[in-house]
1. Per DSSP H run of n ≥ 4, the term is -39500 (n - 2.57); total these for the chain, divide by its residue number, and report the mean residue ellipticity at 222 nm rounded to 500 deg cm²/dmol.
2. Which helices count as membrane-span-like in the chain under these terms: full DSSP H, at least 15 Å along the axis by C-alpha, Kyte-Doolittle mean of -0.5 or more?
3. Using the C-alpha gyration tensor of the chain, what are the square roots of 5 times its eigenvalues, in whole angstrom, with the largest one first?
4. For a quick check, take a GNM of the chain with Cα springs below 10 Å and name the residue from Thr90, Thr210, Thr225 with the largest mean-square fluctuation.
5. On the accessible surface of the chain, probed at 1.4 Å, how many percent belong to carbon and sulfur atoms?
6. Counting other C-beta atoms within 10 Å, and keeping those with at most 15, which DSSP coil chymotrypsin sites (Phe, Trp or Tyr not before Pro) do you find in the stretch 130-212?
7. Just how far, in whole angstrom, is the stretch 200-233 from the stretch 119-179 if you go by their alpha carbon centroids?
8. What does the accessible area per residue of the chain come to in Å², with a 1.4 Å probe and no ligands, DNA or RNA counted?
Amino acid sequence: MSNESADSQGVRSIQRALDILSLLSEDRPLIAVRDIVAATGLAKTTVIRIVQTLEQSGLLWATSSGYMAGPGLWRWAHLARRGWELPPETQRLMRELASRERETVNFYVVRDVVRVCIAQQESPQPLRHVVHVGDELPLWAGASAKILLRNASPALLERVARSSPYGEGHVRRMREWIDEATAAGFAVSHGERENGLSAVAVPILGRAGTVVAALTLSGPTVRFTEDRVAEFAKALGAAADHLNERGFEHPLF
């Protein structure tokens, strides 16, 4: 087998292992071999081989009912939580912002063609917008997307557009949104990704002046009137100015 073929085989095996691990969720904390075969389409012998390797590495744990997440994942989860936890000062600022403006505060960063929520402070109101930390949302619409894509390359914008319901032609509209947000210093969205949901977002800048994150307020569109949007933008801008004074390349440091 050539080195190239061996590398391809190795990458394929890793992808299969990740696909199996991704089958675990809060709704399905246990998976049986037959479930994995049905979900992946892999041969039973292949599934057993991969599962045994994952178990030996501590990433899966065998029980009488199936396989559950292993202690190795707990160690990784602990490392990820420590690495992606916002500084106490930023967390305090988000709590104060949510309490004062009474809407949900989110902190987003870009990962390829999605935006990832790395922190949230929920609105104190019963009717509110909630995105769980770690959730991935598309970049083809939404106030935070218009902020996060400010420094995006043409190639990335094209890939984001292809991932949207509108196809490659959506690039032009996205560029218009980005330019409008850059000129205004903030971005607004009303029902672009989800009916009845609105958001206002501002950029968090790194030392080089590029956007490293987006700070947002989001909630039901009925509460995001023109006057309130202006107030939200002002409050977010003040919070972002405070964070930007720290001067960082990554929102967590």
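The values are calculated or read from the model by the stated rules, or taken from the named source; none is laboratory data. All values derive from a computational prediction rather than experimental measurement. Positions of Cβ are generated from backbone atoms using ideal geometry, with glycine treated the same way; all protein chains shown enter the neighbour counts. Accessible surface areas use protein heavy atoms only, side chains included; no ligands, DNA or RNA. Shrake-Rupley method; radii C 1.70, N 1.55, O 1.52, S 1.80 Å.
1. Value at 222 nm, helices only: -14500 deg cm²/dmol.
2. Long hydrophobic helices here: 3-21, 44-56, 226-244.
3. Over the Cα atoms of the chain, the ellipsoid semi-axes are 38, 22, 18 Å.
4. Answer for the Gaussian network model of the chain: Thr225.
5. Ligands and nucleic acids excluded, carbon and sulfur give 52 percent.
6. Tyr166
7. The stretch 119-179 and the stretch 200-233 have Cα centres spaced 13 Å from each other.
8. 56
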